[in-house]
1. List every residue pair whose Cβ atoms sit under 6 Å apart, with the two residues 6 or more apart in sequence or on different chains, where the first one lies in region 185-203 and is among the polar types (S, T, N, Q) and the second, anywhere, is in a loop (DSSP other than H, G, I, E, B) and surrounded by 14 or more Cβ atoms within 10 Å (Cβ to Cβ).
2. Condition check: out of contact with any Cys (no Cβ under 7 Å at 6 or more places or on another chain), at positive phi and not aliphatic (A, V, I, L, M). Does GLY64 satisfy that?
3. Take residues that are farther than 30 Å from HIS69 by Cα and tell me which of the helices (runs of 4 or more DSSP H) falling wholly in region 125-195 contain 1 or more.
4. Can you confirm whether region 227-236 contains a residue that is surrounded by 15 or more Cβ atoms within 10 Å (Cβ to Cβ) and part of a strand (DSSP E or B)?
Amino acid sequence: MDQRQIERALKKALDLNDTAEYSDDNQAREYLEKICQDIYHLPLPDQAAKSSYFMGLLSPLYVGENKHHYQRCLQQVLDRYDCLPANPRKIKALVNRTSTVLSALDLGEGRDNLVKMGAANEEEENLLISRKYVLLMALTIIYCFHRQLNEQLEKDPSYIDKVITYAKSQKPTELIEGDSVYRPFQTILPAMNGDTKLPANPSDSNVFRLHDVFRDFDASLDNCDREIAAFYAIKS
């Protein structure tokens, strides 16, 4: 069960209020510990486990004629970037949307438009990933978990430039506070300040897990806006 949801329900049911000694969150946690006296926390899946779960769910689904190419290209993306939430239910939502997009779009074999993604000191062959599949994964995550940002990109695909600026920013929170053009990010929690990782819940939907993706991404390459528009043209 989701412990935080139970604690919220207890706070509401017991009408708990902050006191000098305990916050209402702590009081709810104390009540929960009285009810559940044998507590087991599920281990968090690492990047490999999340990737394996995603690909395992996607494999039996219909995703068009180039299934094996899709699997190879998406596996490359997930091996490169730790961008999936830890919650299996949320990974399943991403798989379902990915399946819908792959069924509607012909992304080809993924051997065209290969771009260097990653640090320059890594082996060259490990850096070449199909940009189309990187963009597909990033847009699917935004579509499922960041509604305001998703609506802005659907309305204006060129807003991808602002997404990249946010992802690279040394202080993304100040960026939002200082410029109204970043209003679609107001409900999003950054996971990084520049190269510094910030404490972030591994499963929450509002955490931005795409910093590394968009820091490597070059929106100036041909057809980026068109590819984003094609993604949002899928209505099913």
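The values are calculated or read from the model by the stated rules, or taken from the named source; none is laboratory data. What you see is a predicted model; the values in this text were computed from it and never measured. With ideal geometry, Cβ positions are generated from the backbone for all residues, glycine too; neighbour counts draw on all protein chains shown.
1. Here the result reads SER203/PRO85; SER203/ALA86; SER203/ASN87, each pair linking region 185-203 to a residue that is in a loop (DSSP other than H, G, I, E, B) and surrounded by 14 or more Cβ atoms within 10 Å (Cβ to Cβ).
2. In short, yes.
3. 147-155, 160-168, 172-178
4. No, that holds for no residue.
The rows are residues; the columns are (1) crowded, with 17+ Cβ neighbours inside 10 Å; (2) of a type in the set (D, E, K, R); (3) under 23 Å from ALA167 (Cβ atoms).
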site	(1), (2), (3)
ASP46	no, yes, yes
TYR62	no, no, no
ASN66	no, no, no
GLN76	yes, no, yes
ARG80	yes, yes, yes
CYS83	yes, no, yes
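Yes/no matrix, rows are residues, columns are (1) touching a helix residue (DSSP H, G or I) at 6+ places or on another chain (Cβ under 7 Å); (2) of a type in the set (D, E, K, R); (3) at pLDDT below 95; (4) under 26 Å from PRO202 (Cβ atoms):
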residue: GLY118; (1), (2), (3), (4): yes, no, yes, yes
residue: GLU123; (1), (2), (3), (4): no, yes, yes, no
residue: ASN126; (1), (2), (3), (4): no, no, yes, yes
residue: TYR133; (1), (2), (3), (4): yes, no, yes, yes
residue: ILE141; (1), (2), (3), (4): yes, no, no, yes
residue: GLU154; (1), (2), (3), (4): yes, yes, no, no
residue: GLU177; (1), (2), (3), (4): no, yes, yes, yes
residue: VAL181; (1), (2), (3), (4): yes, no, no, no
